[in-house]
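Every number in this text was worked out from the coordinates using simple rules, so none of it is lab data. Given the structure is predicted, the values throughout are model-derived calculations rather than measurements. Quick reminder, even Gly has a Cβ in these numbers, built from the backbone with ideal geometry, and neighbours come from all protein chains shown.
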Amino acid sequence: MRNKLGRHTVLKWGALLVLVLVVIRAQSQESRDEIVRQRIIEQRIEIIAEGLEEGDELDFTTLFDDLNYYYDRKINLNRCSPEELRSLYLLTEFQIQGLFDHIEKYGQLKEIWELQAVKNWDQYTILNVLPFVTVKPPSELERVTLKEIFKEGKHDLFLRYQDVLEERQGYAPISPEELAENPNRRYLGSSYRAYARYRFTYGRNISFGITAEKDPGEEFFKGTQKQGFDYYSSHLYYENNTFVRRAVVGDYQLQFGQGLTLWSGLAFGKSADALNAKRTEIGIRPYTSVDENLFLRGGAVTIGGERLQWTNFYSSKHIDANIVSTSDSVDTEQLTTISSFQLSGFHRTPGELQDKDAIRETYYGSNLTYKTRRGQIGLTALISEYDANINRNLQLYNQFEFNSKSNQVIGLNYSRTIKNVNLFGEVSRSENGAWATINGALVALDPRVSMIAIYRNYARKFQNQLANTFVEGTRPANESGIYVGGQFKINRQWTATTYADFFRFRWLRFQTDAPSAGRDFLTQLNYKPSRNKEFYLRYRSRTRDRNAGFLDVDITTPLPVNQQNFRINTSFLAHPNIKLKSRAELVLFQQEGQPIERGFLLYQDLVFKKIQFPVSMSLRYALFYTDSYNARIYAYESDVLYAFSIPAYFSRGSRFYVTMKYKVKRGVDLWLRYARWHYDDRQVISSGLEQINAPHRSEIKVQLRLRF
């Protein structure tokens with residue numbers, strides 16, 4: 001009896017030990033996968049962000065959402081669509097086509113590592129997509145049920161506080177007499193930024209969310225903002241492989257073709273990922289960001305089958321604008337006249353509040369798309385209307401810009417893969433009869449060599465407020481050009497990417513009082529001897545014409561302006577838990593006939609992440625020196641989740657930041673971030689109401705995430 005009890009006890013404790021080891025291994029693998037996921041997401045966004053150079057207010061929430069969703073609910077490669085794979089922004093058209101060709105020829109994948117036999121898939125690609133994909137046989141394919149939605153759905157709640165520690169002029173004490181004389185000399189609200197976001201998701205099938213934000217200087221639950229936050233956004237989104245394929249009510253985005261006819265939200269242009277110049281159409285998407293302009297508000301639905309799909313949409317929302325006058329018409333209705341659109345989203349002073357929700361903007365239209373496994377063709381119609389007279393004070397250089405109450409745009413887009421060539425493009429026409437077109441080809445010359453070529457031609461009179469396509473300027477008008485890029489995998493360790501873009505502007509532009517031309521060239525050489533080490537060299541040269549204000553003549557003469565960037569970047573794992581990243585970058589800026597203006601940036605990053613340890617950390621110390629703002633240098637920074645920072649380094653000084661994440665317990669994460677600028681060549685930072693009477697600027701962020 002004792003022996004039996006002894007054996008029973010040993011077996012019991014042995015089984016318990018095995019269970020504990022399995023759980024520990026599973027948790028260890030989960031933590032390791034999470035680190036890999038975060039690394040891939042950050043690398044992808046950094047590559048994209050560096051080509052944009054728009055400052056630190058860009059919002060990549062949608063891209064973060066995509067990759068996070070697919071991490072939690074992996075794409076089944078045996079039952080997926082090309083759109084799902086494109087949403088990863090990790091695969092080329094040829095890799096996507098190669099997967100479907102492989103499945104058609106050999107049947108469904110049995111295991112994930114069968115991807116090594118798929119054409120155009122290499123080990124680096126497989127490791128990148130591994131956290132976001134899976135392979136399941138038909139018997140394991142899941143169907144969406146109401147019970148599963150409530151059981152498997154995930155709730156995310158974010159709360160964020162952000163503030164600048166130094167006092168800015170807009171928050172400084174002011175006498176009642178001064179304020180009465182000039183009410184716009186002080187912000188109405190407090191200096192902090194507040195952000196709240198709740199979202200319920202079931203994979204990519206169901207999404208419901210509410211986002212709210214208060215900008216610095218805006219009032220909060222008092223005065224002009226008694227409703228609390230200045231900005232609210234919400235959506236209810238549905239997606240499934242049924243007749244009603246996608247539907248959304250609330251705030252959303254629409255993205256079709258190459259963005260020439262209809263593309264709301266962020267889009268990516270030229271970057272070190274030279275092949276990514278082609279737009280990736282995703283149709284209807286819920287909107288979860290805090291930009292108060294780049295979205296549609298109303299409803300949209302996509303119906304149809306696998307091949308023929310029809311999307312209808314309607315959007316109507318108030319937008320900010322500068323009001324010139326308001327008068328009564330014959331039928332006693334008030335007519336408002338505006339002189340400009342206001343896109344900042346700030347409502348901090350009485351003057352800014354006068355522009356808030358000044359006019360109503362309405363969009364509606366339709367898209368009809370026919371899809372096959374090797375391509376698609378789509379027709380899009382867009383109508384825009386405003387309930388105000390738009391009478392902007394246009395100058396000679398921008399006299400052809402939109403300046404009416406309504407507009408109609410119709411466009412045709414296509415994409416077709418023939419063997420190793422993917423042809424794509426779009427042609428669009430605005431109501432005034434002006435045309436715009438973009439056409440390109442993506443070619444796989446060899447498993448190690450891929451090329452892309454894009455030709456664009458946008459008439460100077462082309463008008464479309466919702467166009468967001470490949471462009472050198474700010475909008476697709478008054479521009480033509482040819483872009484050629486390539487990626488060359490020399491061997492397993494060496495990769496080269498390059499592009500060259502030649503463009504012309506046939507009419508005047510801002511600060512360029514004559515037709516002009518330019519070119520943009522980039523080349524980058526990557527060396528990756530192992531998964532834990534990476535090194536690259538980059539050179540970029542951009543030349544554009546700009547008015548030469550320094551010339552002592554009565555008329556302004558455009559002269560070439562050239563900017564060259566030289567960069568060295570290294571990244572390696574110094575310890576299993578410590579990653580070091582270093583960068584040195586030099587900028588040379590010169591307008592013909594003027595001295596060279598130089599800029600230099602040197603920084604060191606340290607990233608600490610330990611599996612099963614609740615604290616991770618990322619910090620940077622940077623030194624910079626530039627002769628002027630022209631020689632500024634942009635650099636992507638690690639931030640709290642769903643916050644994004646790409647500041648411009650200019651003048652002379654240093655910058656330090658540290659971002660810490662503390663995993664309080666399962667489903668509860670806390671982020672802390674501290675960043676500080678210090679300038680050696682000034683005692684005052686910025687100007688106007690943002691002026692700080694000190695040589696430094698410090699910012700803190702605190703964010704709490706609850707997930708259940």
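Here are the numbers for the structure shown:
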item	result
Environment charge at residue 385 (Cβ cut-off 13 Å; Lys +1, Arg +1, Asp -1, Glu -1)	0
Sites residue 159 and residue 530, calculated FRET efficiency, Cβ-Cβ separation with R0 51 Å, nearest 0.05	0.80
Neighbour-count order for 206, 418, 490, fewest beta carbons within 10 angstrom listed first	418, 490, 206
Simple label model, 7 Å out from Cα along Cβ direction - residue 690 to residue 357, nm	2.6 nm
Selection from 94, 174, 64 lying farthest towards where the dipole of the chain points positive, charges on Cβ	94
Ratio Rg/Rh [Cα only; Rh per Kirkwood] for the range 602-708	1.05
Cβ-Cβ FRET estimate between residue 698 and residue 185, R0 fixed at 25 Å, reported to 0.05	0.55
Proxy reagent accessibility, fewest Cβ within 10 Å first, across 689, 260	689, 260
Charged-residue dipole, Cβ positions (Lys, Arg, Asp, Glu), the range 578-699 about Cα centre, Debye nearest 20	900 debye
Net length gained if the chain between residue 521 and residue 543 were fully extended (0.36 nm per residue, minus Cα distance)	7.0 nm
Additional length obtainable on full extension of the chain from residue 577 to residue 680, 0.36 nm per residue less Cα span	33.6 nm
Test item: Cα-centred dipole of the range 200-337, Lys/Arg +1 and Asp/Glu -1 on Cβ, debye	720 debye
Length gained when the stretch residue 116-residue 391 is fully extended (0.36 nm per residue, less Cα-Cα span)	93.0 nm
Estimated FRET transfer efficiency (residue 406, residue 628; beta-carbon r; R0 51 Å; 0.05)	0.75
Sum of side-chain charges, residue 258 neighbourhood, beta-carbon under 12 Å (Lys, Arg +1; Asp, Glu -1)	+1
Exposure proxy ranking, count of Cβ atoms within 10 Å, fewest first, for 616, 366	366, 616
Positive dipole terminus of the chain, leading residue within 507, 121, 268 (C-beta point charges)	121
Projected label distance in nm at residue 423 and residue 608, using a 7 Å step from Cα toward the beta-carbon	5.8 nm
Helix axis angle, 93-106 relative to the chain longest principal axis, alpha carbon, degrees	30 degrees
Magnitude of the charge dipole, the chain, Cβ model with Lys/Arg +1 and Asp/Glu -1, debye to 20	3880 debye
